[in-house]
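*Asks:* First, the structure itself, so that you have it in front of you.
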Amino acid sequence: MRFLILSDIHANEPALQAVLADAAGRYDRVLCCGDLVGYGADPNPVVEWARTSVQAVVRGNHDKACTGNTDELEWFNPTARSAALWTMDSLTDENREYLFCLPKGPLSLPGFQLLHGSPVDEDEYVVSTWDAAPLAGYIDAPLAFFGHTHLQGGFAFHRNAVRRLARPSSHEAELVLALETEAQYLLNPGSVGQPRDGDPRAGYCIFDQDAHAVALRRIPYDVEEAQRRIIAVGLPEGLAQRLGTGR
Ligand code: ZN
């Protein structure tokens, strides 16, 4: 079985469409590590795609915040908060309901898990090996996919050591990771709709379970179109600008 694994799409439909076109024919099922919406201008098309095409999604903090969970908004900076309020207003009732009902991770699937932030806290950012080191014991599978940081790559645990995994460099489209059976992995497919690792290309991965391999991919998309839509609906301009730099 081959899985297309996406995370942090953030209502960026041009990025999502580019990823789907790039991945076409290479996967059997689609999974998502959360944050379908928030920041971008197309929450309804992205949620409608998820409702019909995605087999499993765990909720992200933005998915929670856009469904009326106002406690969540207290933790958001002013830009994220105004985007969350705009998204809440813009979603159709059916799409809001879908987001409201998304399960909290970790979600266990045969042989691996999906989660948003960390295995112990869906809102926690796992950025460094220091953050990751204490988490190995909380992953109930050889492999877990996570999001939230918008940083492609992740971590491998082997005996008592944890190491950071590479991602494709800015001139590569793909980096294939061969999974070692004696190691455990916390893997971030990258952010489709708002990368923050300095590479503005959309990030995603394909997990080939039978081949024990994960292909981390980066693909260009129409950033200017996503920026135009953000400005057109009146979302904060900074949300458009950051898509150009991938920061
Ligand atoms: Zn996110």
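The values are calculated or read from the model by the stated rules, or taken from the named source; none is laboratory data. Everything numeric here is computed off the predicted structure, so don't read it as measured data. Accessible surface areas use protein heavy atoms only, side chains included; no ligands, DNA or RNA. Shrake-Rupley method; radii C 1.70, N 1.55, O 1.52, S 1.80 Å.
*Asks:* Hey, could you grab the Kirkwood Rh for the chain? Inverse mean 1/r over distinct alpha carbon pairs, Å, one decimal.
*Replies:* 17.7 Å
*Asks:* Okay, next question. Compute the length gained on full extension between A166 and W75: take 0.36 nm times their separation in residues and subtract their Cα-Cα distance, giving the result in nm to one decimal.
*Replies:* 29.8 nm
*Asks:* Using Cα pairs closer than 8 Å and at least 6 residues apart in sequence, work out the relative contact order for the chain, in percent.
*Replies:* Taking the mean separation of contacting Cα pairs over the length of the chain, I get 23 percent.
*Asks:* A further question follows. Calculate what fraction, in whole %, of the accessible area of the stretch 135-192 sits on carbon and sulfur atoms when a 1.4 Å probe is rolled over the protein chains.
*Replies:* About 49 percent, which is the carbon plus sulfur part of the accessible surface.
*Asks:* Further question: Suppose we keep just the DSSP beta bridges with both residues in the stretch 1-130; what percent of those would be antiparallel, to 5?
*Replies:* Taking every DSSP beta bridge with both residues in the stretch 1-130, the antiparallel ones total about 35 percent.
*Asks:* Looking at the chain, send over the antiparallel percent of its DSSP beta bridges, to the nearest 5.
*Replies:* 70 percent
*Asks:* Hey, can you grab everything whose amide H is under 5 Å from the amide H of A202? Only 5+ residues off in sequence or another chain; H modelled, so Pro and N-termini drop out.
*Replies:* Placed amide hydrogens put I219, Y221 under 5 Å from A202.
*Asks:* For the stretch 47-89, what class follows from the C-alpha gyration tensor (a ≥ b ≥ c being the square roots of its eigenvalues): rounded when a/c is under 1.5, otherwise prolate if a/b is larger than b/c, else oblate?
*Replies:* Judged from the Cα gyration tensor, the stretch 47-89 comes out prolate (a/c at least 1.5, a/b above b/c).
*Asks:* Note down, for the stretch 32-128, the three equivalent ellipsoid semi-axes (square root of 5 times each alpha carbon gyration tensor eigenvalue), biggest first, whole angstrom.
*Replies:* 21, 18, 10
*Asks:* Something else: Would you mind telling me which residue in A21, A183, A226 has the biggest mean-square fluctuation in a Gaussian network model of the chain, where springs connect alpha carbons within a distance under 10 angstrom?
*Replies:* Answer for the Gaussian network model of the chain: A21.
*Asks:* Per residue, what accessible area does the stretch 48-94 have, given a 1.4 Å probe and all protein chains present, in Å²?
*Replies:* 50 Å²
*Asks:* Between G25, G137, G60, find the one with the highest GNM mean-square fluctuation for the chain; connect C-alpha pairs within less than 10 Å.
*Replies:* G25
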